[in-house]
Number of protein chains: 4
Amino acid sequence: MGNSFGSLFRISTFGESHGPAIGVVIDGCPSGLPLEEAPIQQELDRRRPGQSHLTTQRQEADRVEILSGLFDGKTTGQPLALLIRNQDQRSKDYSHIATSYRPSHADYTYQAKWGHRDYRGGGRSSARETAARVAAGAVAKQLLQHWGIGVQAWVSAVGELELEIPYQQLDLSLTDTNPVRCPEPAMAQRMANYIDTIRKERDTVGGIVSAVITGAPAGLGEPAFGKLHAQLGAAMLGINAVKGFEYGSGFAGIRQRGSQHNDLFYTDDKGQVRTRTNQSGGIQGGISNGEDIYFRVAFKPVATIMQDQDSVNEAGQAVTVSGRGRHDPCVVPRAVPIVEAMAALVLADACLLQRTARL
Amino acid sequence: MGNSFGSLFRISTFGESHGPAIGVVIDGCPSGLPLEEAPIQQELDRRRPGQSHLTTQRQEADRVEILSGLFDGKTTGQPLALLIRNQDQRSKDYSHIATSYRPSHADYTYQAKWGHRDYRGGGRSSARETAARVAAGAVAKQLLQHWGIGVQAWVSAVGELELEIPYQQLDLSLTDTNPVRCPEPAMAQRMANYIDTIRKERDTVGGIVSAVITGAPAGLGEPAFGKLHAQLGAAMLGINAVKGFEYGSGFAGIRQRGSQHNDLFYTDDKGQVRTRTNQSGGIQGGISNGEDIYFRVAFKPVATIMQDQDSVNEAGQAVTVSGRGRHDPCVVPRAVPIVEAMAALVLADACLLQRTARL
Amino acid sequence: MGNSFGSLFRISTFGESHGPAIGVVIDGCPSGLPLEEAPIQQELDRRRPGQSHLTTQRQEADRVEILSGLFDGKTTGQPLALLIRNQDQRSKDYSHIATSYRPSHADYTYQAKWGHRDYRGGGRSSARETAARVAAGAVAKQLLQHWGIGVQAWVSAVGELELEIPYQQLDLSLTDTNPVRCPEPAMAQRMANYIDTIRKERDTVGGIVSAVITGAPAGLGEPAFGKLHAQLGAAMLGINAVKGFEYGSGFAGIRQRGSQHNDLFYTDDKGQVRTRTNQSGGIQGGISNGEDIYFRVAFKPVATIMQDQDSVNEAGQAVTVSGRGRHDPCVVPRAVPIVEAMAALVLADACLLQRTARL
Amino acid sequence: MGNSFGSLFRISTFGESHGPAIGVVIDGCPSGLPLEEAPIQQELDRRRPGQSHLTTQRQEADRVEILSGLFDGKTTGQPLALLIRNQDQRSKDYSHIATSYRPSHADYTYQAKWGHRDYRGGGRSSARETAARVAAGAVAKQLLQHWGIGVQAWVSAVGELELEIPYQQLDLSLTDTNPVRCPEPAMAQRMANYIDTIRKERDTVGGIVSAVITGAPAGLGEPAFGKLHAQLGAAMLGINAVKGFEYGSGFAGIRQRGSQHNDLFYTDDKGQVRTRTNQSGGIQGGISNGEDIYFRVAFKPVATIMQDQDSVNEAGQAVTVSGRGRHDPCVVPRAVPIVEAMAALVLADACLLQRTARL
């Protein structure tokens, strides 16, 4: 359990950080979708390590191979299997933690749960697994694009540096023009400098990724437990290092009064029912209302720091764990494509489910 | 889809606010659990409307009837069906919104999705449905109690009034001694006064429910998409009016450095591996580590206010919607048992899954 | 697990033979379907005990109550909960088997699995649970009818009496004109006499229910494990007392050669691709081909006989178990509506899934 | 949907007959199981084409590669991905049917469902996909072996040649000593001759695979829709070319009376509750009773015959389809390991589920 996501557009990922390969099987992608490797590769390149000095120096080409489900350039409705071979596995870097637990990593809990773990780079608990999600998400994005739905994420906070501008005033096309993936150039530069300082201090810092889904029609999502924002929340909280999720007015909204917070309906020029504000974040009663779907995801500081830390080993003895290996000082720049991928997967699933709602 | 929750301890709820009944079928409760109606009824009474002047005056006895799955006072391993008849359905109170959309309710989105809706009291989108969850959660709680696991929630914020004391210093046994369900009596009084003021202004306000799960062993939760906090998050975000979820250090944690944020391991007197701090909120890599599981849930201000608001009707024409019916000025006091119920359901499921993890 | 069936049109049944009630929650029925209690009641009446001297004399009105999911006479897309109260529970009839295992019943295996069981009338293992399936199936039938799909089952064998006529030559409208539910009147009479003889001998006998689904479009079913006949087979094998399932040419087909067995394609007057024969039973590669879907279901002789039988009790001691209670000498007449119900559920699910197959 | 099987021990297969590879992801295999490639390869070799003149001459090494989930020779509880590259793809052999429908194949139905298909060798509808099942089943077998459960299948009928001896009197260790996989040497020879004759006539024939599961404890299986034999039936009916499934007394049992058919309980020397006969096939009320689990699976004659047949093309025009490619004259010898694999998967799943049944 836990390695699959989605109901009708369903993915199952596999693979460990230092095993032969990682990959994903996508079941439920409708037939007839023109699909190429290039856009998948492009998304993988956005997540790929070694993109700048702000990210880990592990070198992985992350070449994707499509093993099934495609014929004459179009999906057949059969499972799409995407494979990415691991290459730059310096597993020896991890022999020092073979029996020790790195603080705030999954070493201890994986050992506690399964009694046997692949300690190399965290094994399956490594964020390397998210490459498989990004590959699957790239397929979902192509499907959504066909339906006129777009998904865009960006870095809105790094440590105490927070972008205060409402997202509607940002030029999101600038997101990928800088290594931080913050669409406001001046803030992006400050964030880059900040991360670099942290890195030199052999430390790490957290941040926030914000995201908006545009073009989603009203009616997506399920009642009760299947609310669209509950699915988005589950998707985001499943990403490594995530500590919180909020949508629309989020945590700040609790301080408002109902009379301020309610989004009043009106009919626009085209006869479309709209809301004057969007505290709802595009979702009401768990179902999309046709406005922008907006949410924010909090990422903790990366657990691996280049410092000595107290810990214990499998025998319960006190040990010192020293940060080694190749790690990111701040995870949010590389998390942007992951957030987009997971959001795209949720939306693709919701769109397919919506086809079955009415007689 | 969307009306079931859980994998091995799985519930399916049904029913509308103004239909004949609401209820829940629980599938997967292990056999042999002594089960009585009284503790279920007790939880329902905590959620029940009409408890104080701070909550809606709808009168519902919320009497639960166990229809199946129980024999000689013990569960049989067969589905438990729990039924609650609706009684105080003043459906006429809703005729004025039969074709109008209440702002920030699910009226518009349900119509957009299904093309046909039960408008009486919001139909299935009403928080009345959560009574079924509370009943199911009460069963899960009894199961967890058997395994030494406790779940406690409390109100930690109402509007701008926020309890700043670390939860470890609170006496949670005081939670139910006041109608707000805040375990700090002085703050509870301030919150009560505040809610009362808001109510008199015919307005509403949001708040935060915090929760702690004690006694959970290390090893609960699944990898990748099934992380324990992702399941808790999905559970909480599925509750009506919830806008955000965070666990451990949450959104505030992003500002910390890794060197501050990491929870260092040590071995305690009993030879148990522990962490010195708990920024992880009891969950590392998605799996419980044996510490307290701690999280917070943000609730928006209730959408129904006793004021006139601009809106549109099904024909897209401008209308004025006037708040009527019986509603809560602040949802968090009654949300406490719902948060506990959902948390209990997640934990029960995780405990059963854990039995299958190892050879 | 095991108490739910279907993926998109999904039912969950609950209840025991001698508990307060049995029922079913249907999740995924599309909104907008006109639904009435009468046709559901009609199907329940076909399955109801006490219809003739050929069936058990237990008296159950089997009155169905729709608790949710219906508004203004149409489905809302929300879960439909259907409740049937038990009435004629002579639970005392079962005190003699409280600790003994009836041969070829589920008494021993339920005890072995759960360690605690409701022995009254077999508890949940009783065929009484199938009333809930019939109720749900009646909803599915109404949905299928809307889509032009019909499901008809009939008794084609009782013991050694077997209807040899190809089903295409039967007048299936005669099925319900006799208590055996065999559409060939002369054979129906012979079967009735035979069952009556068996009953007088305080014994039981098995039989076969055949079924045909008409009007199903090509394209229903899923690949690999989700083949339409695999789903039909699972549905049928889940019915009490079923020992075998075959479709199209079935077991007899193994003796044929490929050159005889293959169904040759041609294009009919209307330009529709058809097959000249239908050994495939309307399903090729697991997907419907537009021809009649045809299958057969084998039912064993009812385990409860009005004779003394050797057995053991919970302590492992030898005991004599005497048939008491009210039971059917042959289950197939009452199985006809159950087979139809399960087939309808499979088809409804397949039709909804088919909506998601293509871009 | 349809490409996954199982609930707790869950497999997802992917791949087409003439694509780059086929494979399977196994999720839910408990950690700590010693696992090697050799026994998986051994099972694949049993299913592999080109084993004798009785089977297709396609040459596939079917080399399995384990991509994940294994560390230091033991499973980690993480998904096991198994990959098999396709090698001998003579896709040109299929250009003649690019737009024509082969009789009794899935060509027409796949086109009808998805509107776009990989026609090369039937694409995903090819029995080549079952290699992935056999690989997964080999893992399940190793797990079951650890628990003392064995699964054995054999050919019991080819065309009209049927093994009449009760399986208890067969020496199943002889099954793999001949290319037909019939454990009775004389009959095996007759069957081999028969298949060879059929092959020379450029025709095909069907058959039956029987199977027995030994060592399964009482208590496996789920109630209602999840009956163990329903799961076995679904598993078997999901195998290519299967037309029927029966267990225990099966179709023949309908002719018996209850007084003959019932399996009487007794307590054996070791104090174990047993049944004197096994018409139940080891399953009562859907739950295993500790006796041998026994079932039979009917396979139709292979659809591809080396003869000209009438058919139509995508445009609906009459065409002649000529058998080409490399095909089996009778599928049952190679079906034996597939039946075993699917049975092992069902049992592994049932064993894990059983761990959650009781408090």
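Here, each number is a calculation from the coordinates, and none is a lab measurement. On a predicted model such as this, the values are computed, not experimentally measured, just so you know. Heads up, the Cβs are rebuilt from the backbone with ideal geometry, glycines too, and the neighbour counts pull from every protein chain shown.
When only C-alpha pairs under 8 Å and at least 6 residues apart count, what is the relative contact order of region C:35-185, in percent?
19 percent
For C:Tyr266 and A:Asp72, what is the calculated FRET efficiency with R₀ set at 25 Å and r taken between the beta-carbons, to the nearest 0.05?
Computed FRET efficiency for C:Tyr266 and A:Asp72 comes out at 0.35.
Under a Cβ-only charge scheme (Lys and Arg +1, Asp and Glu -1), can you give me the dipole magnitude of the protein assembly as shown about the Cα centre, in debye to the nearest 20?
0 debye
Just name one of A:Ala235, A:Ala186, A:Gln284: the one whose Cα is farthest towards the positive end of the charge dipole of chain A (beta-carbon charges, Lys/Arg +1, Asp/Glu -1).
A:Ala235
Kirkwood hydrodynamic radius for the protein assembly as shown: how many Å is it when counted over pairs of different Cα atoms?
Over the protein assembly as shown, the inverse of the mean reciprocal pair distance is 32.6 Å.
Using only the Cα atoms, what convex hull volume per residue in Å³ does region D:1-41 have?
93 Å³
Nearest 20 debye, what's the magnitude of the dipole of region D:4-354 about its Cα centre given +1 on Lys and Arg Cβ and -1 on Asp and Glu Cβ?
The dipole of region D:4-354 has a size of about 560 debye.
Can you give me the C-alpha center-to-center distance between region A:5-77 and region D:271-341, rounded to a whole angstrom?
Cα centroid of region A:5-77 versus Cα centroid of region D:271-341: 36 Å apart.
B:Glu340: net charge of surrounding residues, Cβ under 9 Å, Lys/Arg +1, Asp/Glu -1, itself excluded?
Neighbour charge sum, excluding B:Glu340 itself: +1.
Run the dipole for region A:246-359 about the Cα centre, Lys and Arg Cβ at +1, Asp and Glu Cβ at -1, nothing else charged, and hand back the magnitude in debye, nearest 20.
My answer is approximately 280 debye.
Which order, highest average first, do A:195-205, B:71-81, D:261-271, C:118-128 follow once you tally other Cβ atoms within 10 Å for each residue and take the mean per peptide?
In decreasing order of mean packing, A:195-205, B:71-81, D:261-271, C:118-128 become C:118-128, B:71-81, A:195-205, D:261-271.
Please name which of A:Tyr101, A:Thr75, A:Ala61 has its Cα lying farthest along the dipole of region A:3-136 towards the positive end, using unit charges on Cβ (Lys, Arg +1; Asp, Glu -1) and the Cα centre as origin.
A:Tyr101
Can you tell me the 0 to 90 degree angle between the C-alpha axis of helix A:130-146 and the longest principal axis of chain A, rounded to 10?
The angle comes out near 20 degrees.
Taking each pair of different alpha-carbon atoms in region C:3-125 once, compute 1/r for the pair, average those values, and report the inverse of that mean as the Kirkwood hydrodynamic radius in Å to one decimal.
Averaging 1/r across every pair of different Cα atoms and inverting gives 16.4 Å.
Which whole-Hz ³J(HN,Hα) couplings does region B:183-196 yield from phi under the Karplus relation 6.51 cos²θ - 1.76 cosθ + 1.60, θ = phi - 60°, glycine and proline marked x?
x, 9, x, 5, 5, 4, 5, 4, 5, 4, 4, 4, 4, 5
Can you give the helix-only mean residue ellipticity at 222 nm for chain A, where every DSSP H stretch with n ≥ 4 adds -39500 (n - 2.57) and the sum goes over all residues, rounded to the nearest 500 deg cm²/dmol?
Helix contribution divided over all residues of chain A: -8000 deg cm²/dmol.
Evaluate peptide C:29-42: per residue, the Cβ atoms of other protein chains within 10 Å of its Cβ; return the mean as an integer.
For peptide C:29-42, the averaged partner shielding equals 2.
At a Förster radius of 30 Å, what calculated FRET efficiency corresponds to the Cβ-Cβ distance of C:Gln59 and C:Glu314, to the nearest 0.05?
In this case the efficiency is close to 0.45.
With N set to the number of residues, divide the alpha-carbon radius of gyration of region B:107-227 by 2.2 N^0.38 Å and report two decimals.
1.36
Take D:Arg358 and D:Thr197, extend 7 Å from each Cα along the Cα→Cβ direction, and tell me the distance between the two endpoints in nm.
Result: 5.6 nm between the two label points.
Quick one: Kirkwood hydrodynamic radius for region B:205-359, alpha-carbon pairs, angstrom, one decimal?
By the Kirkwood definition, the hydrodynamic radius is 17.9 Å.
Which of the three applies to region C:129-177, rounded, prolate or oblate, going by the alpha-carbon gyration tensor with a ≥ b ≥ c and a/c under 1.5 meaning rounded?
oblate
Label D:His146 and B:Asp292 with points 7 Å out from Cα along Cα→Cβ: what is the distance between them in nm?
If labels sit at D:His146 and B:Asp292, their model points lie 3.8 nm apart.
For chain B, what is the relative contact order in percent, using Cα pairs closer than 8 Å and at least 6 residues apart in sequence?
It comes to 22 percent, rounded to a whole number.
Tally Lys/Arg at +1 and Asp/Glu at -1 over every other residue whose Cβ is under 15 Å from the Cβ of D:Ala224; what's the total?
+3
Could you give log10 I(q)/I(0) at q = 0.15, 0.25, 0.26, 0.30 Å⁻¹ for region B:169-221, computed by the Debye formula over C-alpha point scatterers of equal weight, without solvent?
So the normalised log intensities are -0.55, -1.01, -1.05, -1.20.
For A:294-303, what's the mean count of beta carbons from other chains sitting within 10 Å of each residue's beta carbon?
Neighbouring Cβ atoms belonging to other protein chains average 5 per residue here.
Could you give the radius of gyration (one decimal) and Dmax (whole number) of the Cα atoms in chain C, in Å?
20.9, 70
What would the Debye equation give as log₁₀ I(q)/I(0) for region A:241-298 at q = 0.20, 0.26, 0.29 Å⁻¹, counting only Cα atoms as equal point scatterers?
-0.77, -1.10, -1.23
Taking amide H atoms as placed 1.01 Å from N in the peptide plane, list the residues 5 or more away in sequence, or in a different chain, whose amide H sits under 5 Å from that of C:Lys243.
Hits under the 5 Å cutoff: C:Ala298, C:Phe299, C:Lys300.
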